[in-house]
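Working notes for the structure below.
Just so it is clear, none of the values below were taken in a lab; they were calculated from the coordinates. Computed from a prediction, not measured in an experiment: that's the story for all the values here. With ideal geometry, Cβ positions are generated from the backbone for all residues, glycine too; neighbour counts draw on all protein chains shown.
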Amino acid sequence: MDKKDVIQEGIKEILRSLKNINFEDQTVLVTGGAGFLGSWLCDVLVEQNARVICLDNLASGLEKNISHLLGLENFKFIKHDISKPIHFDEKIDVVMHLASRASPLEFDKFPIQIIKANTLGTWISLGIAKKHGAKFLFTSTSEVYGDAQIIPTPETYNGNVNPIGIRSCYDESKRAGEATCMSYARQHGLDVRIARIFNTYGPRMRADGVYGRVIPRFIHQALNNKPITIFGDGKQTRSFCYVTDQIEGLLRLAWFDSAKGEVVNTGNPEETTILELAKIVKKIANSNSPLEFHPLPPDDPRRRCPDISKARKLLNWESKVELREGLKNTIEWFKLMKVS
Ligand code: UDP
């Protein structure tokens, strides 16, 4: 299998799972469209014959994620920072607002850009949706729950967030983004849908520098036989969702009328410790890397796991890909990226 095939297979799987959910002939604006999740969404929507407008300032997104789509009749890329106004003449049917840096290592370096993308950026994207009478999908985050005291966490939990902590640029701005969406829904009757995305991984995730989240970092370290850097004792948990499941969930949320005005957790409820994750990655990558323990960053949530009952009921959706299977695909992709 070559690197393109891991992604191609994934796209086919998403299209199969979506069945009659199809955005054909709709114009969809995807902010953050050159990012990890944004580019997967663009791929699926282009395949469905939607007209896709991909907006990205390439702050953390990469042009190579969408370069294969450039030149297609139903795909347009605009390099733009969504925290600054932009106008469209063509009628837009759906706005999907994904633009934001999302890696904790970026919270340290780019907190203001992050706040702008989720507050001003959400406000500007909502303005576009309002002008065009478009549906609006906001990609929020499990971070709105902070260090959750209820696990698995349902949408009704209001969170335990430190408003001045190192992560606040992300979690508080996503919370403000959600509040802005609901205000537009209440005051202007806008059709908004909010996804609270839990840790998602897969091909096209960045492993480099401040962009690296735990899975790509561990894979990169394992493949290069470098120490696997575990923060804290590794007993903290996350629940990892493979990208194909996440994209299917997001498109279902954007589709169903019953999801109008709703906030829904999208993630995989299989909870894993970071130490266990390190061991699994090491094994699948057939690596000799030693495990190396580093201090736990401040405000790092102890446990994170979604209650996805609402998604099951409302979207007829749940994650299907098990961690080991998703990791195998992702490791495959990382290996081939290196040699190509
Ligand atoms: N983590 C780790 N080693 C790394 C990177 C991250 O042990 O090299 C831990 C991090 O402290 C957190 C978990 O892995 O507990 C998930 O981190 P990630 O950066 O993916 O994002 P988060 O889920 O915290 O938003």
Reachable lysines from residue 313, criterion Cα separation under 17 angstrom, eight or more residues apart if same chain: 260
With the charge dipole of the chain built from beta-carbon charges (+1 for Lys and Arg, -1 for Asp and Glu) about the Cα centre, the Cα from 327, 244, 29 projecting farthest to the positive end belongs to 327
For a quick check: with amide H placed at 1.01 Å from N, whose amide H comes under 5 Å from residue 231's, ignoring anything fewer than 5 positions away on the same chain? 294
Note, residue 210: beta-carbon cut-off 12 Å, +1 each Lys/Arg, -1 each Asp/Glu, net +2
Convex hull around the C-alpha positions of segment 1-82: the volume in Å³ per residue is 85
Given 91-100, 76-85, 233-242, 18-27, the highest-first ranking by average Cβ count within 10 Å works out to 91-100, 233-242, 76-85, 18-27
Given H placed 1.01 Å from N in the peptide plane, which residues other than close sequence neighbours of residue 200 have an amide H under 5 Å from its amide H? 241
Cα Rg, Dmax, segment 280-340, angstrom units: 16.8, 45
Compute the long axis of helix 323-339 from its Cα atoms, compare it with the longest principal axis of the Cα atoms of the chain, and write down the angle in degrees, 0 to 90, nearest 10. 90
On the Cα set of segment 58-116, report Rg and Dmax in Å, please. 13.8, 40
Just add up the charged neighbours of residue 275: K/R +1, D/E -1, any other residue whose Cβ is under 9 Å from the Cβ of residue 275. 0
18 Å Cα-Cα reach of residue 76 towards lysines, excluding residues that sit fewer than 8 places from it in its own chain: 64, 91
For a quick protection proxy, order the peptides 63-69, 32-38, 47-53 by their average other-Cβ count within 10 Å, most packed first. 32-38, 47-53, 63-69
Would you mind estimating how fast segment 180-293 diffuses translationally, via Stokes-Einstein at 10 °C and 1.306 mPa s with the Kirkwood radius over Cα pairs, in µm²/s? 99
The helix 214-223 Cα axis meets the longest alpha-carbon principal axis of the chain at an angle in degrees, between 0 and 90 and rounded to 10, of 50
What does the net charge come to around residue 184 if you take all other residues with beta carbon closer than 14 Å to its beta carbon, with K and R at +1 and D and E at -1? +4
Under 12 Å Cα to Cα from residue 174, which aspartates and glutamates show up? Leave out anything in the same chain fewer than 8 places away. 143
Per-q log10 I(q)/I(0), the chain, q = 0.06, 0.09, 0.11 Å⁻¹ (Debye; single scatterer per alpha-carbon; no solvent): -0.19, -0.43, -0.67
What is the distance in Å between the Cα centres of segment 53-91 and segment 169-245? 21
